[in-house]
Amino acid sequence: MVLFEKAPAKINLSLDVLSKRDDGYHNVEMIMTTIDLADRITLRSINRDRIEVSLESRFVPSDERNLAYKAANAFKQKYGIKTGVHIHIEKSIPVSAGLGGGSTDAAAVLRGMNRLWKLDIPTSELATIGATIGSDVPFCVYGNTAIAKGRGEIIEPLSSPPSCWVVLAKPDIGVSTRTIFQRIQVEGLSHPNTSAIMDALRQKHFHKMCAHIGNVLEDITLAVYPEVQRIKCRMEQAGASGVLMSGSGPTVYSLVEHQSKAQRIYNGMRGFCEEVYLVRLLG
Ligand code: C5P
């Protein structure tokens, strides 16, 4: 039995940090939405009780460090499954980019294994397993548009954003989420207006959404990596309005209402940055 599962990337419409926790993590509020830039996961049952991961990427390991491997392992242990699985990952989402690439692969493996062995496990339970793999995995299990709270494991679905285009530009660096979080000084952060974004989503109000998107990690990453700042400025010069860094970076995105303008911004960024994408919001 073979099945395919789409693993879409996410962008943060907001990322707020509320407090530092005793377990070393931070309490966050993040509005995330999925975009039409996806890895493709193929799952196949194998007779031997083992987990195999294959992928062609210089940047992602195929052993037990891979989040997809970890997800398969956690799933098999939790439900006592003795059948093995081969996981093939066709990567399209850039790695260490702030787009949840590893997390969405792990989430797709959880959804896919549930289907592969016809277990009918509720999504909320898959998300609970996902939380043991990484803070963004629970959101990725649900997909669409949601606000994530706590460490990232408390998920409340939200209305989908007004339909628009997304131009993404990723400078040629990888960012460690841990390193960026370590630099946060919670006191003195200027917090995004999360409820205004939620209102904008409910009202499908494109300009209001763009006016309120915000990410408290942006200033930290921009200070460490000036190339991210340059990309941000360049996008704004190209006429983009809703411009923000996603996650802990380094990918910067712009929300654009009309395709022709999105195409212009995309063309403008391509001469400036190697990895540029033009996609639609899915969420
Ligand atoms: O959960 P995940 O392994 O993706 O998190 C990577 C790192 O980001 C953690 O080790 C932690 O330093 C930081 N983090 C945090 N608070 C969160 C999520 C992540 O401090 N809510």
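The values are calculated or read from the model by the stated rules, or taken from the named source; none is laboratory data. Quantities reported herein were computed from a predicted structural model and do not represent experimental measurements. Cβ sites come from the backbone with ideal geometry, for glycine too, and all protein chains shown count toward neighbours. Calculation scope for accessible area: heavy atoms of the full protein, side chains included, ligands and nucleic acids excluded. Shrake-Rupley method; radii C 1.70, N 1.55, O 1.52, S 1.80 Å.
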At a temperature of 10 °C and a viscosity of 1.306 mPa s, determine how fast the stretch 63-117 diffuses translationally according to Stokes-Einstein, using the Kirkwood radius over alpha-carbon pairs as Rh; express D in µm²/s, rounded to the nearest whole number. 135
Considering only protein heavy atoms, what is the solvent-accessible area of residue 191 at a probe of 1.4 Å, reported in Å² to the nearest 10? 100
Would you check the accessible area of residue 57, probe 1.4 Å, heavy atoms only, in square angstrom rounded to 10? 40
Bin by bin, in steps of 5 Å, what percent of the Cα pairs in the stretch 136-256 do you find, going until the bin that has the longest distance? 2, 10, 18, 22, 23, 17, 7, 1
Could you identify which residue out of 60, 137, 109 has the top mean-square fluctuation in a GNM of the chain using Cα springs shorter than 10 Å? 60
Tensor-based shape of the chain (alpha-carbon gyration tensor, a/c under 1.5 rounded, otherwise prolate or oblate): prolate
Once each part is reduced to its C-alpha centroid, what is the distance from the stretch 54-98 to the stretch 186-228 in angstrom? 31
Taking protein heavy atoms only, a 1.4 Å probe, and rounding to whole percent, the accessible area of the stretch 2-157 owed to carbon and sulfur comes out at 46
First check a/c for the stretch 144-204, with a ≥ b ≥ c the square roots of the eigenvalues of its C-alpha gyration tensor; if it is under 1.5, answer rounded, and if not, answer prolate when a/b is larger than b/c or oblate otherwise. oblate
Accessible-area order for 207, 26, largest to smallest, probe 1.4 angstrom, reads 207, 26
What do you get for the angle between helix 259-270 and the principal long axis of the chain? Use alpha-carbon atoms, 0 to 90 degrees, nearest ten. 90
Nearest 10 degrees, 0 to 90: what angle lies between the long axis of helix 226-237 and the longest principal axis of the chain (Cα atoms)? 60
Sites excluded, GluC sites (Glu not before Pro) in DSSP loops with at most 16 other C-beta within 10 Å, longest stretch of the chain: 65-186
With all protein chains in place and a 1.4 Å probe, residue 155 shows an accessible area in Å² (nearest 10) of 30
Accessible surface, per residue, of the stretch 214-283 when the full set of protein chains is kept, probe 1.4 Å, Å²: 44
Listed here are the pairs 20/208; 70/170; 78/118; 76/118; which of them are more than 18 Å apart at the Cα? 20/208; 70/170
Among 96, 45, what's the order by accessible area (1.4 angstrom probe), most exposed first? 96, 45
How many percent of all Cα-Cα pairs in the stretch 226-282 sit more than 16 Å apart? 35
Using a cut-off of 24 Å between alpha-carbon atoms, which lysines can reach residue 204, once sequence neighbours fewer than 8 places away in the same chain are excluded? 10, 149, 261
